[in-house]
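The values are calculated or read from the model by the stated rules, or taken from the named source; none is laboratory data. Everything numeric here is computed off the predicted structure, so don't read it as measured data. All Cβ positions, even for glycine, are placed from backbone atoms using ideal geometry, and neighbour counts span all protein chains on display.
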Amino acid sequence: MFRRGASGAALRHAASLVVLLAGALTFAADAPGRVLESSPPGAIPGFTLVDQDGRPFRSEALRDRATLVFFGFTECPDVCPTTLLRLRNLVRSSPDFRDVRVLMISVDGERDSPAVLKRYLARSGPGFIGLTGTPSQVRPVARGFSAMFVRQPAGADGRYTVDHSSQVYLLDRSGRLRATFFNAATEDMAAALRAAVK
């Protein structure tokens with residue numbers, strides 16, 4: 001599978017891609033979607049990243065209200081725009097969700113500056129927050145959520161994409177992981193969210 005003499009970095013990159021693709025295949029096999037509940041709710045990793053206003057954002061700030069978390073990037077062509085639309089429709093679907101926060105953690109810190117994230121999320125609403133950081137800062141956060149991302153090599157034009165897992169994570173008012181959504185139906189996400197905001 002790997003050519004002789006491949007560098008350690010190349011092998012790690014390839015191994016990460018295999019894990020990511022395996023997760024994608026599992027995700028596809030689980031279609032049309034499911035909700036994996038955490039019982040009891042689990043702790044998330046502590047972290048400090050930068051929000052779309054350029055201010056430090058610490059994980060402790062997630063303890064005041066229910067939060068939906070996903071990992072993505074602003075130049076994602078399909079998964080992220082679709083996820084944002086679904087989450088916007090979800091939080092607008094009931095008055096019970098008016099205080100729910102949506103957190104997008106960028107997996108492309110090189111391009112996703114605070115200003116870029118702010119423009120990207122502006123149309124979604126005030127409850128949508130973007131966080132960014134270097135790959136070395138974001139990777140342990142993603143790992144703590146069991147998420148993955150792998151930057152692909154740039155093309156001749158210098159452009160690149162980032163492969164990433166697409167789960168959405170539900171945190172309760174205590175900032176603990178309550179459920180993971182794998183392409184779940186909106187009504188299933190709403191049921192889990194309603195239980196978390198009580």
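Quick check on ARG173: is it over 15 Å from the mean Cα position of the chain (by Cα), among the charged types (D, E, K, R) and surrounded by 16 or more Cβ atoms within 10 Å (Cβ to Cβ)?
yes
Mind checking which pairs have a first residue in the range 165-186 that is at pLDDT 95 or above and a second that is of a type in the set (Asp, Glu) and crowded, with 18+ Cβ neighbours inside 10 Å, Cβ under 7 Å, 6 or more apart or different chains?
Cβ pairs passing all conditions: ARG178/ASP172.
Any idea which of ALA154, ALA142 is closer than 23 Å to SER59 by Cα and touching a Phe, Trp or Tyr at 6+ places or on another chain (Cβ under 6 Å)?
ALA142
Modelled with pLDDT under 95, under 18 Å from THR67 (Cα atoms) and not charged (D, E, K, R): is that true of SER106 in this structure?
no
Which of the residues spanning the range 168-198 are among the charged types (D, E, K, R) and in a loop (DSSP other than H, G, I, E, B)?
ASP172, ARG173, ARG176, LYS198
Here is a list of conditions, (1) of a type outside the set (Lys, Arg); (2) in contact with a Gly (Cβ under 6 Å, 6 or more places away or on another chain); (3) farther than 22 Å from GLU60 by Cα, and GLY109 meets all of them except one; can you say which number that is?
Unmet for GLY109, out of (1) of a type outside the set (Lys, Arg); (2) in contact with a Gly (Cβ under 6 Å, 6 or more places away or on another chain); (3) farther than 22 Å from GLU60 by Cα: (3).
Conditions: (1) surrounded by 14 or more Cβ atoms within 10 Å (Cβ to Cβ); (2) modelled with pLDDT of 95 or more. ARG119 meets all but one. Number of the miss?
Evaluating ARG119 over (1) surrounded by 14 or more Cβ atoms within 10 Å (Cβ to Cβ); (2) modelled with pLDDT of 95 or more leaves (1) as the failure.
One line per residue, one yes/no per condition, for (1) touching a helix residue (DSSP H, G or I) at 6+ places or on another chain (Cβ under 8 Å); (2) at pLDDT 85 or above; (3) farther than 23 Å from ARG159 by Cβ; (4) of a type outside the set (Lys, Arg):
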| residue | (1), (2), (3), (4) |
| --- | --- |
| PHE2 | yes, no, yes, yes |
| GLY54 | yes, yes, yes, yes |
| PRO77 | no, yes, no, yes |
| ARG86 | yes, yes, yes, no |
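Within the range 125-167, can you find the residues that are in a loop (DSSP other than H, G, I, E, B) and buried (at least 18 other Cβ atoms within 10 Å of the Cβ)?
GLY127, GLY133, PHE145, ALA147, MET148, SER165, SER166, GLN167 - these are the residues of the range 125-167 that are in a loop (DSSP other than H, G, I, E, B) and buried (at least 18 other Cβ atoms within 10 Å of the Cβ).
Scan the range 63-87 residue by residue and report those that are surrounded by fewer than 21 Cβ atoms within 10 Å (Cβ to Cβ), closer than 18 Å to LEU170 by Cα and not β-branched (Val, Ile, Thr).
Those that are surrounded by fewer than 21 Cβ atoms within 10 Å (Cβ to Cβ), closer than 18 Å to LEU170 by Cα and not β-branched (Val, Ile, Thr): ARG63, ASP64, ARG65, LEU84, LEU85, ARG86.
Could you please find all residues in the range 68-87 being touching a strand residue (DSSP E or B) at 6+ places or on another chain (Cβ under 6 Å) and over 18 Å from PHE182 (Cβ atoms)?
PHE73
Taking the residues in the range 93-116 that are out of contact with any Asp or Glu (no Cβ under 8 Å at 6 or more places or on another chain) and part of a helix (DSSP H, G or I) as candidates, determine which candidate is surrounded by the fewest Cβ atoms within 10 Å (Cβ to Cβ).
Residue satisfying both the conditions and the ranking: PRO95.
Out of curiosity, is LEU90 in contact with a strand residue (DSSP E or B) (Cβ under 9 Å, 6 or more places away or on another chain), buried (at least 21 other Cβ atoms within 10 Å of the Cβ) and outside any loop (DSSP other than H, G, I, E, B)?
Considered against the rule, which asks whether it is in contact with a strand residue (DSSP E or B) (Cβ under 9 Å, 6 or more places away or on another chain), buried (at least 21 other Cβ atoms within 10 Å of the Cβ) and outside any loop (DSSP other than H, G, I, E, B), LEU90 comes out as no.
When you go through (1) farther than 22 Å from GLU37 by Cα; (2) touching a strand residue (DSSP E or B) at 6+ places or on another chain (Cβ under 7 Å) one by one for ARG123, which number turns out not to apply?
Every listed condition holds for ARG123 apart from (2).
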